[in-house]
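This report concerns only the one structure given below.
The values are calculated or read from the model by the stated rules, or taken from the named source; none is laboratory data. It should be emphasised that the depicted structure is a prediction, and the values quoted were computed from it without experimental measurement. Quick reminder, even Gly has a Cβ in these numbers, built from the backbone with ideal geometry, and neighbours come from all protein chains shown. Just so you know, the surface numbers come from the protein's heavy atoms only, side chains and all, with ligands and any DNA or RNA stripped out. Shrake-Rupley method; radii C 1.70, N 1.55, O 1.52, S 1.80 Å.
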Amino acid sequence: MRQALELARRGEGRTAPNPAVGAVIVADGKVVGRGYQPKAGEAHAEIFALREAGSSAQGADAYVTLEPCSHHGRTAPCCDALIAAGIRRVFVGLCDPNPLVDGRGVRRLRAAGVEVVTGILEAECRYLCAPFVKHVTTGRPLVVLKSAITLDGKTATSTGSSQWITGSESRAHVHQVRDHVDAILVGIGTVRADNPRLTTRLDEKPGHDPIRVVLDSNLSIEESAALVQHNSTALTLIMTTASADAHKRSKLEACPLVEVVNVAQDATGRIDLKAVLAELGRRQIQSVLVEGGAQVNQALLQQDLVDRVMFYIAPKLLGGSDGFGIFSGTGPEWLDAALNIDITNVRRFGVDILIEGEVCRCLPV
């Protein structure tokens, strides 16, 4: 199952609206087939594994990170393929919460005489499938808030200087993370301050550029911004309001791979973040990496829209109270109102430390 998980990670950020799934076929104690879905529309992980196994699949065991599908979509049901190949046992990491599956795959296999064991490395499989699970159960993507900070929690000096808080190893890892998400979200303040490209730049292979999402209530982004005049095959979505200047909208939409989208306003007149996430969900976006500034981070946190955090912590101290923090505004008055984080991973990149965690709440993920 660990091999299946590793295979599944190769498809992250590329399979929506499907989940990233890995499959391994084992015969006589040896791996004879491996597979994962490289992108949406292609064969599922089980099919690739069965193709590699060939006749060795007869009487073999299959390890799959997610319950095999039992319905017709772009491809035929994987359950039928496993049964036809003569698979004897299927070990499943996570049962699929998709209403189109939801246990039907397991029942179909068992009805055909295939032994099925569920819950193998379930926590790891659930973590991997969380973007798909969040999307299929809520219609919204998984929101991952990422930030690079000093030991005293600063993201920039009082003048806004932030390049670079973390070292080259951490920054390289951020590009690996981008390679595995569907979209990156920033606010217009970050665009003005940093003029980011938000592309994926990997040393060892071509990267997958996620969709770029910009929150811009007044449509003030410059036409010369890197996100507008970018060298990428990925779309830039500029989320704005109906009151934005129509002439500016036309000029932006004349740029290749740029789309301006009207979304609702909240009570303060700002872009409604829940409406943004709902729109991204309608576009089959399952995961969003937030690389915004303090205002965007605070708004997402206050509205309980953050699912995971990734904090790259550099061994530096800025001191003072005039630098920029991860969040803006005011926090709760009492400690018992703090948001609790379940730390899922701690890793080191050079001299920096990455802390990853999930927001503790009763979610279907």
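Could we say that Ser70 is polar (S, T, N, Q) and open to solvent by less than 20 Å² (accessible area, probe 1.4 Å) here? It is true that Ser70 is polar (S, T, N, Q) and open to solvent by less than 20 Å² (accessible area, probe 1.4 Å). Quick check, is Val24 touching a Lys or Arg at 6+ places or on another chain (Cβ under 7 Å) and assigned to a strand (DSSP E or B)? For Val24, the condition - touching a Lys or Arg at 6+ places or on another chain (Cβ under 7 Å) and assigned to a strand (DSSP E or B) - is met.
Here Ala40 meets each of (1) crowded, with 24+ Cβ neighbours inside 10 Å; (2) closer than 17 Å to Cys129 by Cβ with one exception, condition (1). For Ala130, the criteria (1) surrounded by fewer than 18 Cβ atoms within 10 Å (Cβ to Cβ); (2) of a type in the set (Gly, Ala, Ser); (3) over 21 Å from Ala294 (Cα atoms) hold in every case but one, which is (1).
Scanning the range 14-26 for residues that are open to solvent by 20 Å² or more (accessible area, probe 1.4 Å), over 13 Å from Leu66 (Cα atoms) and either in contact with a helix residue (DSSP H, G or I) (Cβ under 6 Å, 6 or more places away or on another chain) or at pLDDT below 95 (or both) turns up Arg14, Ala16, Pro17. Here the condition is being within 23 Å of Arg348 (Cα to Cα) and either open to solvent by less than 20 Å² (accessible area, probe 1.4 Å) or assigned to a loop (DSSP other than H, G, I, E, B) (or both); of His180, His208, His175, it holds for His180 alone. Report whether or not Ser250 is free of Cβ contacts under 8 Å to residues at least 12 places away in the same chain and farther than 30 Å from Phe324 by Cα. Spelling it out, Ser250 is indeed free of Cβ contacts under 8 Å to residues at least 12 places away in the same chain and farther than 30 Å from Phe324 by Cα.
A Cβ distance below 9 Å, combined with a sequence gap of six or more or placement on separate chains, defines the contacts here; from the range 295-307, residues that are of a type outside the set (Lys, Arg) reach residues that are open to solvent by 60 Å² or more (accessible area, probe 1.4 Å) and part of a helix (DSSP H, G or I) in the pairs Gln303/Lys274; Leu305/Lys274. Only one of the numbered conditions (1) touching a residue at least 12 places away in the same chain (Cβ under 8 Å); (2) surrounded by fewer than 20 Cβ atoms within 10 Å (Cβ to Cβ); (3) among the basic types (Lys, Arg) is violated by Arg348, and that is (1).
Here is a yes/no grid of residues against (1) aromatic (Phe, Trp, Tyr); (2) part of a loop (DSSP other than H, G, I, E, B); (3) modelled with pLDDT under 95:
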{"residue": "Asp96", "(1), (2), (3)": "no, yes, yes"}
{"residue": "Gly105", "(1), (2), (3)": "no, no, yes"}
{"residue": "Arg110", "(1), (2), (3)": "no, no, no"}
{"residue": "Val117", "(1), (2), (3)": "no, no, no"}
{"residue": "Cys125", "(1), (2), (3)": "no, no, no"}
{"residue": "Asp152", "(1), (2), (3)": "no, yes, yes"}
{"residue": "Thr159", "(1), (2), (3)": "no, yes, yes"}
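Of all the criteria given as (1) out of contact with any strand residue (DSSP E or B) (no Cβ under 8 Å at 6 or more places or on another chain); (2) at pLDDT 95 or above; (3) open to solvent by less than 10 Å² (accessible area, probe 1.4 Å), the one not satisfied by Lys30 is (3). Of the residues making up the range 188-205, those that are assigned to a loop (DSSP other than H, G, I, E, B) and closer than 18 Å to Ser162 by Cβ number 4.
From the list Gly59, Gly139, Gly103, the one residue that fits, being surrounded by fewer than 18 Cβ atoms within 10 Å (Cβ to Cβ) and under 23 Å from the mean Cα position of the chain (by Cα), is Gly139. Just one of the listed residues (Gly189, Gly160) is under 15 Å from Gly323 (Cβ atoms), open to solvent by 30 Å² or more (accessible area, probe 1.4 Å) and either touching a residue at least 60 places away in the same chain (Cβ under 8 Å) or of a type in the set (Gly, Ala, Ser) (or both), namely Gly160. Just one of (1) among the polar types (S, T, N, Q); (2) more than 30 Å from Gly281 (Cβ to Cβ); (3) touching a strand residue (DSSP E or B) at 6+ places or on another chain (Cβ under 9 Å) fails for Ser55. It is (3).
Of all residue pairs spaced 6 or more apart or on separate chains, those with beta-carbon atoms under 9 Å, a first member in the range 3-20 that is under 15 Å from Val136 (Cα atoms) and a second member that is aromatic (Phe, Trp, Tyr) and open to solvent by 50 Å² or more (accessible area, probe 1.4 Å) are Thr15/Tyr36; Ala20/Tyr36. The residues listed here are Phe91, Phe48; of these, the one that is in contact (Cβ under 8 Å) with a residue 40 or more places away in the chain, out of contact with any Leu (no Cβ under 7 Å at 6 or more places or on another chain) and either under 19 Å from Val24 (Cα atoms) or assigned to a loop (DSSP other than H, G, I, E, B) (or both) is Phe91.
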